[in-house]
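Here the structure is laid out as structure tokens; the discussion comes afterwards.
The values are calculated or read from the model by the stated rules, or taken from the named source; none is laboratory data. These numbers were taken from a predicted model, which means no experiment stands behind them. Please note: Cβ atoms are built from the backbone with ideal geometry, for glycine as well, and neighbour counts cover all protein chains shown. Surface accessibility is based on the protein's heavy atoms, side chains included, excluding ligands, DNA and RNA. Shrake-Rupley method; radii C 1.70, N 1.55, O 1.52, S 1.80 Å.
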Amino acid sequence: MKIALMDSGIGLLAATAAVRRLRPDADLVLSLDPDGMPWGPRTPQDLTARALAVAEAAAAHRPDVLIVGCNTATVHALPALRARLEPAVPVVGTVPAIKPAAAGGGPVAIWATPATTGSPYQRDLIRDFADGVSVTEVPCWGLAEAVEHADESAIDAAVDAAAALTPDEVTTVVLGCTHYELVAERIRAAVQQPGTPPLVLHGSAGAVAAQALRRLGADPAPGAPVTGTVTVLLSGREGALPEPALAYAEGRLLRTVSPAS
């Protein structure tokens, strides 16, 4: 089994780690775009072109499924990616976990990039899945970039700024950017109010990994032998994970699998 994941940067680590835990025997192809990152400020047309190039680099390694480990790329490029690759390679997108978060009753905060916050896409998800639930959209200025570079002081500053925009009564936070899942516990600590029930965080990595296996008709096998290889593509070139990836548990987990030959 070979599973590919794509993103502009290391935001794909959360979904990669979830796949790794479910199927430690699966070969992984991680396709990043350091030459074109960040994708967020790009026009939808430009972003789609970058995403298609990154996806095709991954597809050249003949994966059984491709996970788009990026909310922004899913918003703008998923139809084009599916048109280009399916049915030969099923494509699984990443959608903010607004539906399960709203099921808890709220109040809910959605932490997302400034480009996604207030976007028609996110507003449609709120309308469709969170009707009647109090929802606050929180723009997280600079947080994805800080996580990408493992810049500790910048992460702290961005988390603190977003926490200041989050109402005290919020019981649930949706992590609406895959990078944020890498610092989930720091977000929890910043938002949790003293004397209140534990804050509920909703990421997408686990659901995306499970959906990829479903698209393959494969079952989870967390006890399988650790035999999977890892191939890293950097704007189409074979390379190694960026050094900041090893600052996170999800990145260090990948060092325990065999390197690709």
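Rolling a 1.4 Å probe across all protein chains gives Arg50 an accessible area of roughly 70 Å². Per the Debye calculation on region 1-155 with a single equal scatterer at every Cα and no solvent contribution, log₁₀ I(q)/I(0) for q = 0.09 Å⁻¹ amounts to -0.31. Taking square-rooted eigenvalues a ≥ b ≥ c of the alpha carbon gyration tensor, is region 13-85 rounded, prolate or oblate, where a/c under 1.5 means rounded and, failing that, a/b exceeding b/c means prolate? Since a/c reaches 1.5 and a/b is larger than b/c, the shape of region 13-85 is classed as prolate. Only protein atoms count toward the accessible area here, which uses a 1.4 Å probe; on region 56-98, the carbon and sulfur part of that area reaches 53 percent.
Measuring nothing but how far apart in sequence close Cα pairs (under 8 Å, 6+ apart) lie, relative to its length, region 173-261 scores a relative contact order of 24 percent. Using C-alpha pairs under 8 Å with a sequence gap of at least 6, the mean separation divided by the residue count of region 10-146 gives a relative contact order of 20 percent.
Calculated mean residue ellipticity at 222 nm for the chain: -11500 deg cm²/dmol, from DSSP H runs with n ≥ 4 weighted as -39500 (n - 2.57), summed, divided by the residue count and rounded to 500. Computed from phi, the 3J(HN,Hα) profile of region 109-119 under the Karplus parametrisation 6.51, -1.76, 1.60 (θ = phi - 60°) reads 10, 10, 8, 8, 5, x, 5, 7, 4, x, 6 Hz, with x in place of Gly and Pro. Between the alpha-carbon centers of region 179-205 and region 85-139, tell me the distance in whole angstrom. Cα centroid to Cα centroid, the span is 17 Å. Once you reduce region 50-72 and region 1-23 to the center of their Cα atoms, the two points are 11 Å from each other. Phi-derived couplings, Karplus 6.51 cos²θ - 1.76 cosθ + 1.60 at θ = phi - 60°, listed residue by residue for region 234-245: 10, 6, x, 9, 5, x, 10, 4, x, 3, x, 4 Hz, with x used for Gly and Pro.
Amide H to amide H distances under 5 Å link Thr229 with Asp27, Leu28, where only residues 5 or more positions off or on other chains count and H is placed in the peptide plane.
Using a Förster distance of 30 angstrom, determine the FRET efficiency expected from the C-beta separation of Ala161 and Glu243, and round it to 0.05. After rounding to 0.05, the efficiency reads 0.70. With a 1.4 Å probe rolled over the protein heavy atoms of all chains, the accessible area of Met1, Met6 falls in the order Met1, Met6, largest first. Amide H contacts for Val200 (H built 1.01 Å from N in the peptide plane; partners 5 or more residues away or on another chain; cut-off under 5 Å): Thr172, Val173.
Placing a pseudo-label 7 Å from each Cα along the Cα-to-Cβ vector at Ala103 and Ala88 gives an inter-label distance of 3.6 nm. Relative contact order for the chain: 28 percent, from Cα pairs under 8 Å spaced at least 6 residues apart, divided by residue count. Ranked from largest, the principal axis spans of the Cα set of region 75-179 equal 46, 38, 20 Å.
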